[in-house]
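Comments concern the structure below.
Read-outs: derived from the displayed coordinates by stated rules, not from any lab. What you see is a predicted model, and the numbers here were worked out from it, not measured in a lab. Note: ideal-geometry Cβ built from the backbone for every residue, glycine included; neighbour counts use all protein chains shown.
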Amino acid sequence: MNKDIHETRDTRSPESIAGSDAEAAPLFLGPGEASAGDADHPPRPFRLLVGICCLIAFTCYFGSYMRLPVVPLYASSLGIDTTRIGFINSVFFFMAGFLSLPLGAVSDRMGAKPMAAAGLLILAVTSFLLYFSTHFFHFLLLYVMFGVGIAAFGPTMMSAVANFAPSTHLGRVYGWYTTALFCAMSLGPAAGGYAAREFGFQPVFLISGAIILGGFALTVGLFPGTRSRKIGGNGQSLSGFLALFKNRSLMGCWAATLGGCFGLGMFITFLPLYAGEQGLPVSQIGLLFFYQGMFNALSRFPFGILSDRMSDRRILVVAGFIGIIASNVGFGMSARAIHFMMWAILLGISMGLAFTSVGALVAEAVSPGQRGLAMGGYNAAIFFGLMMSSASMGAVIQKADFSTGFFTAAVIVLIFSGVFYLMTANRT
């Protein structure tokens, strides 16, 4: 494995990628559509393939995240206590993180289409079965399967997007894709809460399952049946698997992802408690999450274009990490709603700035046939970063205070950003 990111870029045109699979070519390549395009206007087959990926991802995450705010309330109405509800959510994060890496490797062997379809089918079935859940162990088992479904779908789709894109558009395709993903993550819980208010808890699970099942139908009907090995990958071999862990650039990107999500986990888990302690009502705390999610989503497309035009994407990653560090320090010093809002907006923008380029760097660091495994590690780092922050920083806050906790998280993010920069220093 060449450790220089630039030498691993897939320089083929999107037409050759789409046309490398006999099944996909008739669907996406028509007469007159094989023109090369230019830097800002990619050719039509490429736009269509990425657009399909974005649509499928939106349906998956919108449907899945509809149930996130509803399940705790529904479980509580059944008499399940807060500790066990927290355990249900932690099982999901653990399974999604633990399985993202191996299932990403499986997608390199099986191909993106069957793996994505399997993940969506698992997610749809878990939603439908939640309708019949009445016991703690029912929720626990279904959230284990929820983690399996996300682990099967997430890395697979991220690697597919990279394989459809030419190297000149990696930044912006991750901008497009993650914009769709984060919009779904922001709108899904709101839609789920509204549906629960109008129809009750259980019908939300049926609506969620139907939406995800629609994504499954889109995948079966529209997604090209490509396999990584057909576009030059060798990720299936044991030597290729082991060589991946010697790739300093990839390890640096995974470290950056873990560190950045550690800082985000501090916001997700502990900011509501701290803001409530400072006197903010629940409605204003909810708006803080909306501001963070909205600016995170909307910033990704312009930052993706900027990333493609940079000679060194690492500059944007480091700049984004500086913003994540500053926002954590700022949260610890905040006492008024306007202060919290300002730092929440900065956190959202900084996440968009850093992680759009990190996704592109992960794709550049490996051959196309190993992108499923690489994106599996990337997704695992996301979930483990969130889990580590939630599991460890509570003890720091309990022994000291919230301000110390946010400052400690900022220092940890700084350390991981330094690891990222040092490990990718051989990039030319």
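Post the alpha-carbon centroid distance, the range 310-369 to the range 245-270, in whole angstrom. So the separation of the two Cα centres works out to 11 Å.
How do ASP108, ASP308, ASP81, ASP401 line up, fewest other C-beta atoms within 10 Å first? Don't skip to the end; give the middle numbers.
Values: ASP108 32, ASP308 23, ASP81 11, ASP401 14.
The fewest-first ordering by Cβ neighbours comes to ASP81, ASP401, ASP308, ASP108.
D for the range 14-423, whole µm²/s, Stokes-Einstein with Kirkwood Rh over alpha-carbon pairs at 20 °C and 1.002 mPa s: what number? Mind dumping the intermediate values first?
Working: Rh = 21.5 Å.
Estimated via Stokes-Einstein, D reaches 100 µm²/s.
Here is the P(r) of the range 304-428: all C-alpha pair distances, binned every 5 Å from 0, give 2, 10, 16, 21, 20, 14, 9, 5, 2, 0 in whole percents. The packing ranking, built from the mean of other Cβ atoms within 10 Å per residue, places the peptides 293-299, 326-332 in the order 326-332, 293-299, highest first. Once the Cβ-Cβ distance of VAL411 and GLN278 is raised to the sixth power relative to R0 = 22 Å, the FRET efficiency obtained is 0.50.
Charges were assigned to the Cβ only: +1 to each Lys and Arg, -1 to each Asp and Glu. The resulting dipole of the range 14-423 about its Cα centre is roughly 340 debye.
Quote the FRET efficiency, to the nearest 0.05, computed for PHE94 versus ALA217 with a Förster distance R0 of 35 Å and r equal to the Cβ-Cβ distance. Mind dumping the intermediate values first?
On the way: r = 30 Å, r/R0 = 0.86.
E between PHE94 and ALA217, to the nearest 0.05, is 0.70.
Toward the positive end of the charge dipole of the range 14-423, with +1 on the Cβ of Lys and Arg and -1 on the Cβ of Asp and Glu, the farthest Cα among LEU103, VAL71, ALA151 is that of LEU103.
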